[in-house]
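**Q** I have a structure I would like to understand better, so I am pasting it below and will then ask my questions one at a time.
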Amino acid sequence: EPIYTSPQLEGLLGYSPEEWLEGHLWLERLHPEDKERILAADERFEAGGEPFSEEYRLLARDGSVVWVREDAALIRDEEGVPLYFQGVILDITKQKEAEEALRESEERLHMLSDAAFEGILINDQGVILEANRALTDMFGYEVSEVIGRSTVEFVVPEHRDLVEQKIASGAEEPYEVTGVRKDGTLLELEVRGRAYSYRGRRVRIAAIRDITDRKAAEKRLEHLAFHTWPSTIG
């Protein structure tokens, strides 16, 4: 049975301490999706098997959802005899809302990048954090094989300094490099990067186009132009 609740509870959930103590409202106001998990954790805690440190949702008087973090401990006397349980409840609603907004933003980014025809990667100082399917297909890798690696590993050695310079300077104009597929074959690439806010830090997002066919066509045209001249006969 609860014996004390601080006055701050009313500002958090809209119930006075007296209402909270008399009505056993904690159980009633547990969010249905969290109830089974939290009751199981509470049972383990009261049995003395595990500490109680959980994040969960409560329903305020007006029906709004309040995210809280509760940390509780068993208080004992000098001889080690259990006296009572004491816990602190913190309002983490804004933190959870920010986390959810970030998660939804990242999901939208992933959906858009996976639907894109261009290769897209996110890197932090050259280390790859995310890559879309178009990029990994372009190079012949699985996503898991590129995450955590340096971007310069995927271009020919003579172009690595250029890639590092572009990343360091934050340049946004497109530039061309030669990439290396997993099987060792080469492909011509056009790269355009820009700064981006991702998971609370400034990173670089790059769009990468395979221009191998275009470059080959340009070379064929140059070859024809070089070997063709107007006839002077007649």
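**Q** How high is the FRET efficiency between ASP183 and GLU218 when r is their beta carbon distance and R₀ equals 30 Å, given to the nearest 0.05?
**A** Between ASP183 and GLU218 the formula returns 0.75.
**Q** Continuing with this model, one more query. With an 8 Å Cα cut-off and a minimum separation of 6 or more residues, compute the relative contact order for the chain in percent.
**A** It rounds to 10 percent for the chain.
**Q** Roughly speaking, to the nearest percent, how much of the stretch 97-220's 1.4 Å accessible area is carbon and sulfur?
**A** About 51 percent, which is the carbon plus sulfur part of the accessible surface.
**Q** Name the residue from TYR4, ALA207, GLY179 whose Cα lies farthest towards the positive end of the charge dipole of the chain, charges +1 on Cβ of Lys and Arg and -1 on Cβ of Asp and Glu.
**A** Of TYR4, ALA207, GLY179, it is GLY179.
**Q** Counting only the backbone N, which residues of the stretch 198-226 are under 11 Å from the spot 7 Å out from the Cα of ARG192 toward its beta-carbon?
**A** Counting backbone N atoms under 11 Å from the label point, the list is 207-209.
**Q** Out of the GluC sites (Glu not before Pro) in the stretch 146-219, which ones are loop residues according to DSSP with at most 14 other C-beta atoms within 10 Å?
**A** Here the GluC sites (Glu not before Pro) that fit, given the DSSP loop and packing criteria, are GLU172.
**Q** Using the heavy atoms of the protein chains alone and a 1.4 angstrom probe, what is the accessible area of the chain per residue in square angstrom?
**A** In whole numbers, the chain has 66 Å² accessible per residue.
**Q** Separate question: Subtract the Cα-Cα distance of VAL81 and SER144 from 0.36 nm times their separation in residues, and report this length gain in nm to one decimal.
**A** 17.4 nm
**Q** Using a probe of 1.4 angstrom, how much of the accessible area of the stretch 37-76 is carbon and sulfur, in percent?
**A** The computed percentage sits at 48.
**Q** Estimate the FRET efficiency between GLU153 and ARG37 by the formula 1/(1 + (r/R0)^6), using the beta-carbon distance for r and 45 Å for R0, to the nearest 0.05.
**A** 0.60
**Q** When only Cα pairs under 8 Å and 6 or more residues apart are kept, what is the percent relative contact order across the stretch 126-166?
**A** 42
**Q** On to the next question. According to the square roots a ≥ b ≥ c of the eigenvalues of the Cα gyration tensor, what is the shape class of the stretch 134-203, taking rounded for a/c under 1.5, prolate for a/b larger than b/c otherwise, and oblate for the remainder?
**A** oblate
**Q** Now for a separate question. Before rounding to the nearest 500, sum -39500 (n - 2.57) across all DSSP H runs of length at least 4 in the chain and divide by the residue total; then give [θ] at 222 nm in deg cm²/dmol.
**A** -12000 deg cm²/dmol
**Q** What number comes out for the charge environment of GLU54, summing +1 per Lys or Arg and -1 per Asp or Glu over other residues with Cβ under 9 Å away?
**A** -3
**Q** Using a Förster distance of 30 Å, how high is the FRET efficiency between LEU74 and LEU12, based on the Cβ-Cβ distance and rounded to 0.05?
**A** The calculated FRET efficiency here is 0.80.
**Q** Points 7 angstrom from Cα along the Cβ direction at GLU107 and LEU27: gap in nanometres?
**A** 3.4
The values are calculated or read from the model by the stated rules, or taken from the named source; none is laboratory data. These figures come from a predicted structure and were not determined experimentally. When we count neighbours, we look across all protein chains shown, and the Cβ atoms used for this are built from the backbone with ideal geometry, even at glycine. For accessibility, only protein heavy atoms count, side chains too; no ligands or nucleic acids. Shrake-Rupley method; radii C 1.70, N 1.55, O 1.52, S 1.80 Å.
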